[in-house]
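See structure below.
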Amino acid sequence: MFNPSSSPSEQGTRDFLDPKVLAALGGMPLLARRPMRGNVSGIHTSPTRGSSVEFAEYRKYVPGDDLRRLDWRAHGRSDRYYVKEYEADTNLRCCIVVDTSGSMDYGTVPKKGSKKSNDSGPSTKLRVPRPGVTLSKLEYAKQIAATIAYIAAQQGDAVGLSCVADGIVQHLPPRRNPAHLSVMFDTLNEAKPQGETDLVSVLHQLAETTAQAALVIVISDFFVDSSELLGCFEHLRFRRHDLSLFHLLDPMELDFAFSGPTRFLDMEGGTAMLAEPSEIAHQYRQAMNEYLTDLDRIVTRSGSDYHRVTIDQSVQNVLTNFVTRRATSRGVR
């Protein structure tokens, strides 16, 4: 299996892979919430019965059933023929969708080892992201995507990646071999934030083109019209995909703790706006709260596995919560 720290040169470019996080999560299985149809034996519940050590139920014998599965003790008690059925476990396809649009370049959380700026003027990093100093939402998304991909590959699942913006920028179909995982990490490493967001259309497209039921993990800031998200979420669920959402937000996007005249930039190519934060803070927070409330309603209605994350949170804690919640809701037929 692929070793994330096998090459010093690779380790330097793949800083989204933290060996300590991988070690901490390595013993925790990533489970599907619904039955999956794989092509090899695995750890996930299958919609069909098969050979396993875990008993499922009795079923009446019908001509053609394997006589070795007859329960003669049940026959002795009831004078009827019953067949034992067992759980069948399989692997899954894990499709990771990473939003690489321009808005994902925003970030005000200092990177480890960097110092906070005391500058409170309009050019401070709280207004404009400073590459190499602050952590962007895309960099955080890469950490989540790479860690999940590694965990899934370690347990024998097929993993794929789609980098999306105003369309599908890069697409790697799910595969199970270690070399494919290395290609995924290279693709993540090269992904750059640019372009506008057309996430809704992209998710509709992926719902149609991902033929077999899969675990679809979307990592984005979801800065699109919330009313349009319900349709694409339900489309994915209709196609029998297990949908998980990581909603990434910078703390400043929630707090809006700006002070003094500030020039706000549209990171997806729109016009800039100079404003006094104190004059618009109330309206901004009200609009943000309404958006988040609508999103909560949408993910509940669509049955999505939703995780709202601020990028100052520990990736290890976020993913521990993610896999633990899934373990308690493992798929049933």
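The values are calculated or read from the model by the stated rules, or taken from the named source; none is laboratory data. None of these values were measured; they are calculated from a predicted model. Counting neighbours? That spans all protein chains shown, and the Cβs are built from the backbone with ideal geometry, glycine included.
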Checklist entry - In this structure, is residue 126 buried (at least 16 other Cβ atoms within 10 Å of the Cβ) and modelled with pLDDT of 95 or more? => result no
Next on the checklist: Checking residue 158 against (1) at pLDDT 95 or above; (2) within 30 Å of residue 27 (Cα to Cα): exactly one of these is not met. Which one?
Outcome noted: (1)
Next on the checklist: Please verify whether residue 192 is surrounded by fewer than 17 Cβ atoms within 10 Å (Cβ to Cβ), closer than 26 Å to residue 20 by Cα and in contact (Cβ under 8 Å) with a residue 12 or more places away in the chain, treating the condition exactly as stated.
Outcome noted: yes
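Quick check on residue 172: is it crowded, with 22+ Cβ neighbours inside 10 Å and assigned by TED's automatic domain parsing to the domain that holds residue 98?
no
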Next on the checklist: Restricting to the range 77-104, name every residue that is at pLDDT below 75 and surrounded by fewer than 15 Cβ atoms within 10 Å (Cβ to Cβ).
Outcome noted: 79
Checklist entry - Which one is surrounded by the fewest Cβ atoms within 10 Å (Cβ to Cβ) among residues in the range 292-329 that are within 18 Å of residue 94 (Cα to Cα) and of a type in the set (Lys, Arg)? => result 325
Checklist entry - Got at least one residue in the range 274-291 being closer than 30 Å to residue 149 by Cα and either at pLDDT below 90 or exposed (fewer than 13 other Cβ atoms within 10 Å of the Cβ) (or both)? => result no
Checklist entry - If we scan the range 252-265, do we find a residue that is closer than 23 Å to residue 301 by Cα and buried (at least 17 other Cβ atoms within 10 Å of the Cβ)? => result no
Item to check | Every pair of residues 6+ apart whose Cβ atoms lie under 7 Å, when the first sits in the range 243-257 and is without any contact (Cβ under 8 Å) to a residue 40 or more places away in the chain while the second is of a type in the set (A, V, I, L, M, F, W, C) and part of a helix (DSSP H, G or I) | outcome: 256/281
